[in-house]
Amino acid sequence: MASTAKNSPLPPELGSKPLLLRINGDSQESPTIMDPFDGYFCESSLQMETLLQGRLCLACLEGEWLFMLDEDTKECFMMSVSTHTQISLPPLPIPEEELYRCALSSPTPGPDCTVMFTALAPATDDDDQDETYLIYCRPGDEEWLELHDETEGNDDIECDDIIGSRGKMYVNTYMNTFVAIDASLSSSDEATIERRDIPHPSTMRWGCKDYLVESDGQVFLVQFYTHGIYNSEVIDMDIHCLDTSEYVWNKVESIGDRTIFAGNNCVVLSSASRLGIRPGCVHLLHKGCPDGIRLYTIRLDDRTMSCRLLPRSSGSMYWVVLSSSKRESGEHLIELSSKTSNETAFTLDEDLEQVVVPWATLPVDIVEGLVSRTCFLDYLNVREVCKGWSSIIKPVQYAERFPTYPVLMSICSSSTGVFKLFDPVVEKEYTVKSSSLCSDYFQMLLFAKHGWVLVMEGEKHMYVANPFTGERFDLPEIPELGNQFDGVSFSSAPSSPDCTVCCIHKYRSSGRTDHLYVMVWRVGDVHWTQEVIGDETQFRTAYSNPVFYHGEFYCLGTRGNLGVFNPDNMTWRVLDKPEPILDGDPMTGEQHCHLLEYKDDLIAIFRPHDKGPIDMYKLDKSRMVWTVVDKFDDEVIFVDNWNAAMMRTPRDACGNNRIYMPKLGGYNEAGEANERAFYDFKSRKYHPDYYRLTERMNSIWVQPNSFNWELLISNRCLNT
């Protein structure tokens, strides 16, 4: 059953840490191993030409075993990357084009391990539909067996993903549920469906890619959210763990000592630190980008994400983590992320009173003069030094000298209400805790204005909160699929009686009537008002929040034209002018499209998902045409994944013509962000370099309300 081929010399790094295996589309060329974390991307040949000649690699299982198929004889086997040990399997009875994802029922392939593929049989005539099914076998079997779901309904097995754990297989369905399959073959010679209709956990809006992974008998669902479906970048993620006793998914904010590697195949290091790898990280190989293959590194402890660009590949790339890579505990951790790390939180000295006493003798009037030159968050910290300073009130002149500008907010922990605020002018980051942001669900920051933040909570709930005052208003439950919108915003501060929240999505279909879906909530409403409006135009809404402008919500299209929704009479119109800026018919999410209002002017910004140039246009209202913006000398712009805001340059900000990004340039030794990231509109370059930037996932620019400082003092909890 198993045989070992003559071993060829292996690259020294193979087996020492996770690597990438690249297998070219041309099976005549030897596969190569690459270290994607060293920055040089050097590749080493594995000298396996004779073993791969005339054979296709259909999968890489458990980070070590290649599933190989002989193109002529249809014989197949599994082969170890390191030892070249081969495990024979029965000849494949179906074309390889019908096979999709593959998994093992246990981590080690052996006589009791089941090999299972998801498969798709094409329709035989016009009246039939494609059929999805499973095909499986064990080493030593004479033939492959098929498992078809004979039940009626639409919960057919999907081909996207499959994972094995403790003799069971888990597969998703077209009805967004999961099926558990008994593949132990202990009670019979055939696999059977053990459990149906395992509900899928909440999914936050469109653009989501699922990965099933297994670790020590536990099954995890890792969901990566992208800004769009095509040519897009990853903006957020969440993780759920399957409770197999009740078959429900539970959200988790930590994976303990594990590290996950996801891509064409998924591998989990259950004891990453023992193996010399930093734990609590997720590494994703993402091909859906216009600039090539991106390797995202996500640290779950502080929810930071960085990416590096890998060389393009015409073949398949698999994660390789060999069993021989295990090390003794206590060895130095391999830092696979470019971000500086520090596991120790800042704590005050035990002799704090001795430090405070000299400062407490400083006259309050002198302190007030110094306070006028601090950022507003440092002002709050000054008040905490001693009782005498707690009565200091910020001078009115402060607002004149330092116009209030946005700070970058990101949620670190939904369960505890901990979030980060980064000040881009003084380049300081603060950790804040507010009960108004606590939730048992995964949360996504959607929109911010007037110091308020609109938050999606799970897939059925939405609320608005002011993190600077602790105020919160829960909105009514969202109707089914009501979270699938392209943009959302509110007209005024949610505490005002005339506030209106508007969610908009334009659906386009081929050969059928197109529709605009709108959800509206007004202060005092007990439920959302839904409206479906017919629209035969080719207008496609961008993933961008509408701008409330002159009593109506203005929406930017992917081509640069405008659509307008009137919340008073619930009507929609697409403007004939201005004419579209872009040619063709760009898909939603292909690039960041922003619409903002500044000094009663509408401005459109188009930002690609790479380091390409950012384009900006201003609407000439007299002629209703877009005009190119070459510079904005006395202003700065703040953009994130959904919003944009423009304002006069803060006095102590160094430089104009800047577009501040929802990314960060660097961190100090305490792990706090200490370098802003921006795009210089004059030089057309990112600072720092685009691929050196990191970001805190789920971040948004929030402009604090200057009138809320005193309320913030009584509601906030700052840890710096």
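The values are calculated or read from the model by the stated rules, or taken from the named source; none is laboratory data. Treat the numbers as computed from the prediction; the structure is a model and nothing was measured. Cβ sites come from the backbone with ideal geometry, for glycine too, and all protein chains shown count toward neighbours. Calculation scope for accessible area: heavy atoms of the full protein, side chains included, ligands and nucleic acids excluded. Shrake-Rupley method; radii C 1.70, N 1.55, O 1.52, S 1.80 Å.
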Per the list (1) acidic (D, E); (2) in contact (Cβ under 8 Å) with a residue 24 or more places away in the chain; (3) open to solvent by 60 Å² or more (accessible area, probe 1.4 Å), residue check on D610 breaks on (3)
Here the residues within region 94-106 that are in contact with a strand residue (DSSP E or B) (Cβ under 8 Å, 6 or more places away or on another chain) and part of a loop (DSSP other than H, G, I, E, B) are I94, S105, S106
Requiring at least 3 residues that are within 30 Å of G288 (Cβ to Cβ), the strands (runs of 3 or more DSSP E) wholly within region 610-649 are 615-620, 635-639
The one condition L481 fails out of (1) aliphatic (A, V, I, L, M); (2) open to solvent by 10 Å² or more (accessible area, probe 1.4 Å); (3) at pLDDT 90 or above is (3)
Among (1) within 18 Å of D161 (Cβ to Cβ); (2) surrounded by 18 or more Cβ atoms within 10 Å (Cβ to Cβ), Y100 falls short only on (2)
task: Say whether the condition of being over 29 Å from the mean Cα position of the chain (by Cα), of a type outside the set (S, T, Y), in a loop (DSSP other than H, G, I, E, B) and more than 27 Å from F261 (Cβ to Cβ) is met by at least one residue in region 155-173.
output: no
Taking region 530-540 and keeping only residues that are under 24 Å from C499 (Cβ atoms), free of Cβ contacts under 8 Å to residues at least 40 places away in the same chain and not aliphatic (A, V, I, L, M), one is left with E531
Among E62, E75, the single one that is within 25 Å of T192 (Cα to Cα), among the charged types (D, E, K, R) and open to solvent by 10 Å² or more (accessible area, probe 1.4 Å) is E62
Just one listed residue, out of R623, R607, R648, is among the basic types (K, R) and in contact with a Pro (Cβ under 7 Å, 6 or more places away or on another chain), and it is R648
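Given the criterion in contact with a helix residue (DSSP H, G or I) (Cβ under 8 Å, 6 or more places away or on another chain) and either farther than 20 Å from I235 by Cα or not in a strand (DSSP E or B) (or both), identify the matching residue among A493, A465. It would help to see each step written out before you state the result.
Details: A493 fails: in contact with a helix residue (DSSP H, G or I) (Cβ under 8 Å, 6 or more places away or on another chain).
Of the residues listed, the single one that is in contact with a helix residue (DSSP H, G or I) (Cβ under 8 Å, 6 or more places away or on another chain) and either farther than 20 Å from I235 by Cα or not in a strand (DSSP E or B) (or both) is A465.
Yes or no, residue by residue, for (1) modelled with pLDDT under 85; (2) touching a Pro at 6+ places or on another chain (Cβ under 8 Å); (3) surrounded by fewer than 19 Cβ atoms within 10 Å (Cβ to Cβ):
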site	(1), (2), (3)
T244	no, no, yes
W249	no, yes, no
A262	no, no, no
V267	no, yes, no
M317	no, no, no
Residues of region 78-88 being crowded, with 22+ Cβ neighbours inside 10 Å and not in a strand (DSSP E or B), in sequence order, are V81
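Condition test on R138, is it at pLDDT 90 or above and at positive phi?
Spelling it out, it is not the case that R138 is at pLDDT 90 or above and at positive phi.
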The condition of being assigned to a strand (DSSP E or B) and in contact (Cβ under 8 Å) with a residue 12 or more places away in the chain holds, among Y660, Y691, only for Y660
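Got a sec? Which of V234, V282 is open to solvent by less than 10 Å² (accessible area, probe 1.4 Å), in the same structural domain as P311 (by the TED database), at pLDDT 90 or above and under 17 Å from N698 (Cβ atoms)? Give the steps one after another, and end with the answer.
Values: V234 fails: at pLDDT 90 or above.
Sole residue among the options that is open to solvent by less than 10 Å² (accessible area, probe 1.4 Å), in the same structural domain as P311 (by the TED database), at pLDDT 90 or above and under 17 Å from N698 (Cβ atoms): V282.
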